[in-house]
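The structure under discussion appears below in the form of structure tokens.
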Amino acid sequence: MFLHIVMMEFDDRVDAEFFRTVDEYVARMKRECAGLLLYHFGANVAARSQGYTHATSSAFVDAAAHDAYQTCPAHVAMKEYMGPHIKRVVVYDGEMGGIG
């Protein structure tokens, strides 16, 4: 399994409509991106968030599925929509072994 976690800090222009649109992109990715096992977008409630207010957590069958996701039209469209509002971002990508 391959994990992909993205933590973001947004600018002050985001509002409830922004997050509703992001939720629509999330639903679209779940339908359209092959090899995607889990996808979640949500608020970061950690006291130690260092300003990263939201995150996506995703799991893929393997690294190749993650690579394909990077060019999936649904993911590309979501990045284009969210990108102008992201002040800071940090990404974790890695294999998760030993499950089972």
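The values are calculated or read from the model by the stated rules, or taken from the named source; none is laboratory data. Since this is a predicted model, take the numbers as computed values, not measurements. Here the Cβ is made from the backbone with ideal geometry for all residues, glycine too, and neighbour counts use every protein chain on show. Surface accessibility is based on the protein's heavy atoms, side chains included, excluding ligands, DNA and RNA. Shrake-Rupley method; radii C 1.70, N 1.55, O 1.52, S 1.80 Å.
Laid out as a table, the results:
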item: Cβ-placed point charges (K, R +1; D, E -1), dipole of the range 41-100 about Cα centre in debye, nearest 20; result: 400
item: Total charge dipole magnitude, the chain, about the Cα centre, Cβ charges on Lys, Arg, Asp, Glu only, Debye to nearest 20; result: 120
item: Solvent exposure, largest accessible area first (probe 1.4 Å, DNA, RNA and ligands not counted), of 20, 31; result: 31, 20
item: Rounded, prolate or oblate (a/c below 1.5 giving rounded, otherwise prolate when a/b exceeds b/c) for the range 2-79 by Cα gyration tensor; result: oblate
item: Over the range 2-95, relative contact order from alpha-carbon pairs under 8 Å, at least 6 apart, %; result: 49
item: Residue-normalised accessible area of the chain, given per residue in Å² at a 1.4 Å probe; result: 59
item: Label zone at residue 40, where the point sits 7 Å out along the Cα-to-Cβ direction: the range 74-93 residues whose backbone N lies under 19 Å; result: 90-93
item: Residues with amide H under 5 Å from that of residue 44, placed H, sequence gap 5 or more; result: 54, 55
item: Carbon and sulfur %, accessible surface of the chain computed with the full protein complex present, 1.4 Å; result: 56
item: Degrees between helix 73-82 axis and first principal axis of the chain (Cα, 0 to 90, nearest 10); result: 30
item: The chain: angle of helix 16-32 to the longest principal axis, Cα-based, in degrees nearest 10; result: 10
